[in-house]
1. What are the residues in the stretch 118-160 that are of a type in the set (Gly, Ala, Ser), farther than 27 Å from Thr213 by Cβ and free of Cβ contacts under 8 Å to residues at least 12 places away in the same chain, if any?
2. Looking at Ala290 and the list (1) modelled with pLDDT under 90; (2) assigned to a loop (DSSP other than H, G, I, E, B), which single condition is not satisfied?
3. Return only the number of the condition from (1) surrounded by fewer than 18 Cβ atoms within 10 Å (Cβ to Cβ); (2) of a type in the set (S, T, N, Q); (3) in contact with a Pro (Cβ under 7 Å, 6 or more places away or on another chain) that Ser107 does not satisfy.
4. Are there any strands (runs of 3 or more DSSP E) wholly within the stretch 117-168 with 1 or more residues that are in contact with a Phe, Trp or Tyr (Cβ under 8 Å, 6 or more places away or on another chain), within 30 Å of Gly93 (Cβ to Cβ) and β-branched (Val, Ile, Thr), and if so which?
5. Considering only residues that are more than 13 Å from the chain's Cα centre (by Cα) and modelled with pLDDT of 90 or more, which ones fall in the stretch 163-197?
6. Out of the residues in the stretch 225-242 meeting the condition of being crowded, with 16+ Cβ neighbours inside 10 Å and modelled with pLDDT under 90, tell me which one is nearest to the chain's Cα centre (by Cα).
7. Scan the stretch 90-108 and give yes if some residue there is more than 23 Å from Thr44 (Cα to Cα), in contact (Cβ under 8 Å) with a residue 24 or more places away in the chain and not in a loop (DSSP other than H, G, I, E, B), otherwise no.
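The values are calculated or read from the model by the stated rules, or taken from the named source; none is laboratory data. Everything quoted here is computed from the prediction, not taken from an experiment. Don't worry about glycine lacking a Cβ; one is built from the backbone with ideal geometry, like all the others, and counts go over all protein chains shown.
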Amino acid sequence: MAAHHRNRRLLLVGALALVAALGVVPTAAASPSAGPPVAAVSATSSIAGRVTDALTGEPVDGACVTAAVLESADAPPEMTACTDASGDYLIDGLVDGQPYTVIVRKSDSTYLREFYGGDHGEGWLAVPFPADGHAVGIDVALDRGGRVTGTVTSEDGTPLAGVCVSVGGSTADEYAGDSTCTEADGRYSVVGLAGAQLWLQADALTGPYLRATYASPDGSPVVVDVDETRAGVDFVLQLGATVSGSLSTHPAPRSRGPASSSKIALAGGPADRSAPMQAATSARWGPTVALTA
């Protein structure tokens with residue numbers, strides 16, 4: 001279950017980082033009315049609702065609300081609208097019959113990302129569409145957190161762009177904050193849950209650098225208060241090694257059955273040119289091989 005949550009979170013991290021990199025362009029105008037807007041008549045579906053502050057109940061102006069079909073290879077394009085001064089939004093032009101959910105983010109703020117149904121993305125609900133296809137009252141309340149900022153560099157001090165920085169809790173399944181990617185100058189800014197123990201991790205994903213977890217001088221996690229900014233949470237990523245080749249196994253004894261589905265698991269440190277990286281197959285009775293970086 002923990003691995004499922006981590007994988008789902010990584011998928012979300014990639015999708016949201018792409019939206020942030022490209023820039024959010026509203027595709028529907030927010031309703032000017034004081035209450036939840038009434039969907040216009042159209043041949044497609046729509047979603048309308050209000051975004052508020054979870055603590056005060058006040059409307060949140062300028063929040064970006066995205067209607068998306070998650071975990072689907074054939075998902076229709078995402079549609080985004082921004083809330084008006086009353087916190088209201090309207091997203092029109094949606095594909096009929098799709099299991100949309102709503103994701104809300106407000107950039108340049110300490111509001112945490114939220115999904116319709118709550119749980120900040122660890123769980124979400126599909127929007128319930130009535131027979132006419134126009135869902136209203138799809139309201140979302142945003143929690144305030146604290147901000148963590150820093151830089152990600154290589155060992156020689158070069159800023160690293162496109163590194164994913166994520167905020168995790170004390171357990172793999174515990175949500176504690178959002179994720180982001182570093183800018184061209186290696187800087188990042190991410191919001192974490194106020195009062196929680198925040199463990200930050202930097203991952204170059206497809207790059208040659210090893211993943212790193214932030215360690216404070218005393219080894220304690222990062223803790224932020226509401227609307228606080230904690231600066232100087234920096235990462236230095238070590239250059240790893242690339243291993244390539246082919247794997248084969250000897251035929252297993254007939255009485256034991258074939259050696260199926262071999263996997264290579266690498267264990268080792270940075271590419272210091274001296275320490276060999278060990279690899280072993282997970283197939284029963286298969287060989288163990290040593291690979292050198």
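1. Step one: of the stretch 118-160, the residues of a type in the set (Gly, Ala, Ser) are 118, 121, 123, 126, 131, 133, 135, 137, 141, 145-146, 150, 154, 157.
Filter once more, keeping what is farther than 27 Å from Thr213 by Cβ: 118, 126, 131, 133, 135, 137, 141.
Listed by number, the residues that qualify are Gly118, Ala131.
2. All conditions pass for Ala290, except number (2).
3. The single condition Ser107 does not satisfy is (3).
4. Values: elements: 140-142, 146-154, 164-168.
Output list reads 140-142.
5. Going through the stretch 163-197, the residues more than 13 Å from the chain's Cα centre (by Cα) turn out to be 169-174, 182-189, 193-197.
Of everything in the stretch 163-197, those that are more than 13 Å from the chain's Cα centre (by Cα) and modelled with pLDDT of 90 or more turn out to be Thr182, Glu183, Ala184, Asp185, Gly186, Arg187, Tyr188, Ser189.
6. As a first pass, look at the stretch 225-242 and keep what is crowded, with 16+ Cβ neighbours inside 10 Å: 230, 233, 235, 237, 240-241.
Going one step further and asking which of them are modelled with pLDDT under 90, we end up with 240-241.
Numbers: Gly240: 24, Ala241: 26 Å.
Restricting to residues being crowded, with 16+ Cβ neighbours inside 10 Å and modelled with pLDDT under 90, the top hit is Gly240.
7. So in the stretch 90-108, the residues more than 23 Å from Thr44 (Cα to Cα) come out as 105-108.
Subset that is in contact (Cβ under 8 Å) with a residue 24 or more places away in the chain: 105-107.
Imposing the further condition that a residue be not in a loop (DSSP other than H, G, I, E, B) reduces the set to 105.
Checked against the condition, which is being more than 23 Å from Thr44 (Cα to Cα), in contact (Cβ under 8 Å) with a residue 24 or more places away in the chain and not in a loop (DSSP other than H, G, I, E, B), the stretch 90-108 yields at least one hit.
So that you can scan it fast, the table gives a plain yes or no per residue for (1) modelled with pLDDT of 85 or more; (2) not polar (S, T, N, Q):
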{"position": "Ala3", "(1), (2)": "no, yes"}
{"position": "Ala20", "(1), (2)": "no, yes"}
{"position": "Pro26", "(1), (2)": "no, yes"}
{"position": "Pro32", "(1), (2)": "no, yes"}
{"position": "Pro37", "(1), (2)": "no, yes"}
{"position": "Leu55", "(1), (2)": "yes, yes"}
{"position": "Thr66", "(1), (2)": "yes, no"}
{"position": "Ser86", "(1), (2)": "yes, no"}
{"position": "Ile91", "(1), (2)": "yes, yes"}
